[in-house]
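**Q** Okay, here's the structure, questions in a sec.
The values are calculated or read from the model by the stated rules, or taken from the named source; none is laboratory data. The structure presented is a predicted model; accordingly, all values stated were derived computationally and were not measured. Cβ: placed from backbone, ideal geometry, glycine included. Neighbour counts: every protein chain shown. Surface accessibility is based on the protein's heavy atoms, side chains included, excluding ligands, DNA and RNA. Shrake-Rupley method; radii C 1.70, N 1.55, O 1.52, S 1.80 Å.
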Amino acid sequence: MKKLILGTAIAALTAGLALADDHGKTVRMGTEGAYPPYNFINDAGEIDGFERELGDELCKRARLTCEWVTNEWDSIIPNLVSGNYDTIIAGMSITKERDEVIDFTQNYTQPDPSGYIALEGSDPDLKGGVIAAQTGTIQAAFIAASGATLVEFATPDETIAAVRSGEADAVLADDAYLRPIAEENDDLMMLKKTELLGGGVGMGLRESDDELRGKFDAAIASMKADGTLNKLIMKWEIGPGF
């Protein structure tokens with residue numbers, strides 16, 4: 001216990017020192033805006049959700065000015081690499097394949113179980129049936145390797161529509177995204193089976209931006225140390241805290 005308390009104190013001190021060395025530059029925060037509760041566009045037409053609150057707080061702690069932009073998921077990594085924005089904060093799970101192209105901060109969520117949603121009363125074959133997923137996600141990669149038939153769509157809304165139309169037997173996505181949909185729609189149900197994929201969600205940055213990654217790492221560490229990250233995770237019902 002003493003080692004744990006000491007380690008937390010050192011992490012908080014290190015974060016504070018790192019945050020002190022800053023020059024307040026503007027950072028463009030890239031997100032999808034279509035994956036609640038992580039990120040979405042609210043009724044006022046503004047980016048909202050867990051990652052909007054998180055990103056604003058991280059920029060505040062890092063003494064950076066945030067500018068938020070949206071980008072479609074299937075081109076979100078290429079547009080980061082090409083310089084259209086400076087970070088990805090869009091419910092992106094940390095994977096080995098992505099880490100070969102971009103860098104990640106430490107995770108700001110634990111791995112969230114991926115769940116399946118299907119039509120109420122159906123009995124989909126998850127091993128040999130047709131399963132929908134959003135293009136370029138860890139769920140799509142998992143299905144492709146599982147033996148089931150993968151159908152990919154550019155947006156998460158389209159995956160749900162595919163189940164309703166009969167084009168797919170089920171959808172695999174983050175439980176935090178699917179469960180509210182099942183609870184609000186009588187024609188859909190969550191299946192009992194879940195998959196634990198990825199290493200949690202982190203911010204994506206260009207491999208050349210070591211200094212910026214360090215500032216966000218320090219800010220995330222400080223939020224973990226003082227409990228504010230867990231409060232946000234609980235508020236938005238993202239999954240287990242730290």
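**Q** Express the accessible area of the range 70-127 per residue in Å², computed with a 1.4 Å probe while the remaining protein chains stay in the model.
**A** About 44 Å² of surface per residue is accessible.
**Q** Pick out the long, greasy-scoring helices in the chain: whole DSSP H runs spanning 18 Å or more along their own axis by Cα, mean Kyte-Doolittle at least 0.0. Write out the running numbers ahead of the final one.
**A** Numbers: long enough: 2-20 (27 Å, 1.52); 210-226 (24 Å, -0.43).
Membrane-span-like by this criterion, though nothing is claimed about a membrane: 2-20.
**Q** Continuing with this model, one more query. Could you work out how far the C-alpha centroid of the range 36-111 sits from that of the range 161-216, in angstrom?
**A** Each part's Cα centre sits 14 Å from the other's.
**Q** Also, quick follow-up: Return the Cα extents of the range 42-168 along principal axes one, two and three, sorted largest first, each rounded to a whole Å.
**A** 51, 37, 27
**Q** Still on this structure: For the chain, give the percent of accessible area contributed by carbon and sulfur heavy atoms, probe 1.4 Å, rounded to a whole number.
**A** 52 percent
**Q** Among the aspartates and glutamates, which fall within straight-line cross-link reach of Lys127, defined as a Cα-Cα distance under 14 Å, with same-chain neighbours fewer than 8 residues apart omitted?
**A** In chain and number order, the partners are Asp169, Glu195.
**Q** Moving to a separate point now. Out of the trypsin sites (Lys or Arg not before Pro) in the range 59-153, which ones are loop residues according to DSSP with at most 16 other C-beta atoms within 10 Å?
**A** In loop regions of the range 59-153 (DSSP not H, G, I, E or B), the sparsely surrounded trypsin sites (Lys or Arg not before Pro) are Arg63, Lys127.
**Q** May I pose another question? So how much accessible area does Asp123 have, in Å² to the nearest 10, using a 1.4 Å probe?
**A** Here the accessible area works out near 150 Å².
**Q** From the P(r) of the chain, could you give the percentage of C-alpha pairs in the tail past 32 Å? Kindly include the intermediate steps, with their values, before the conclusion.
**A** On the way: 6586 of 29161 pairs.
Value for the chain (Cα pairs over 32 Å): 23 percent.
**Q** Per the helix-only calculation at 222 nm, which mean residue ellipticity applies to the chain, given -39500 (n - 2.57) for every DSSP H run of n ≥ 4 and division by its residues, nearest 500 deg cm²/dmol?
**A** Computed ellipticity for the chain at 222 nm equals -12000 deg cm²/dmol.
**Q** At a 10 angstrom cut-off on C-beta neighbours, averaged per residue, how do the peptides 165-177, 72-84 rank from highest to lowest?
**A** Values: 165-177: 21.8, 72-84: 15.3.
The packing order, highest mean first, is 165-177, 72-84.
**Q** I've got another one for you. Could you name the aspartates and glutamates in cross-link range of Lys60, using Cα to Cα under 18 Å and dropping any fewer than eight places away on the same chain?
**A** Result set, ordered by chain and number: Asp21, Asp22, Asp48, Glu51, Asp86, Glu211, Asp217, Asp226.
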